[in-house]
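Undergrad: Please read through the structure below; I'll follow up with questions.
The values are calculated or read from the model by the stated rules, or taken from the named source; none is laboratory data. As the structure is a computational prediction, the values presented were derived from the model and not from experiment. Accessible surface is based on the protein model in full, side chains and every heavy atom, while ligands, DNA and RNA are left aside. Shrake-Rupley method; radii C 1.70, N 1.55, O 1.52, S 1.80 Å.
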Amino acid sequence: MPVGLKSFSRYEELGMDENAFELDTSGLNCPLPVLKLRNKLKKMYPGQEIKVIATDPGSVKDFASFCSQTGDELLESKENEGKFVYRIKKG
C-alpha cells in the first residue's frame, strides 16, 4: 500500500471500509477540489473508493467531467444541506 494511505483512520466513523477514503474540499473553489482529488487518486489503487465533500456548486459539473476524462467512476453525486457529496471509484 502506498505510503500515507493508512493515515485515513476514520473508516468506521464514516461507515466506510478500509478501501475507501475521504477528502473534504469545503470552502475551496474550482479548480482546487478537482486538483486535490487528482492528487489523492494518484496514491490509491484501482478499485479503491473515495468520498469527496465540496461546497462549490460548480463541482457537480467538474467532478463528472473529470471522471469521464480519467476513466474513474462517479458512483454517487448528491447535495446535502449546501454540501455536495461524491463517491468516486478509481479506475
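Undergrad: Please say if the range 35-91 is rounded, prolate or oblate, where rounded means a/c under 1.5 for a ≥ b ≥ c the square roots of the C-alpha gyration tensor eigenvalues, and otherwise the choice is prolate for a/b larger than b/c and oblate otherwise? Display every interim value, and only then the final one.
TA: Values: a/c = 1.83, a/b = 1.69, b/c = 1.09.
Prolate shape, in that a/c is at least 1.5 and a/b is the bigger ratio.
Undergrad: Within the range 15-91, what whole-number % of the accessible surface is contributed by carbon and sulfur, with the 1.4 Å probe and all protein chains included in the calculation? List each step's numbers first, then the result.
TA: Working: 2040 of 4270 Å².
Here it works out to 48 percent.
Undergrad: Give me the extension gain from residue 29 to residue 81: residue separation times 0.36 nm, minus the current Cα-Cα distance, reported in nm with one decimal. Please list the in-between numbers first.
TA: Values: separation 52, 0.36 × 52 = 18.72 nm, distance 1.75 nm.
Gain on stretching residue 29 to residue 81: 17.0 nm.
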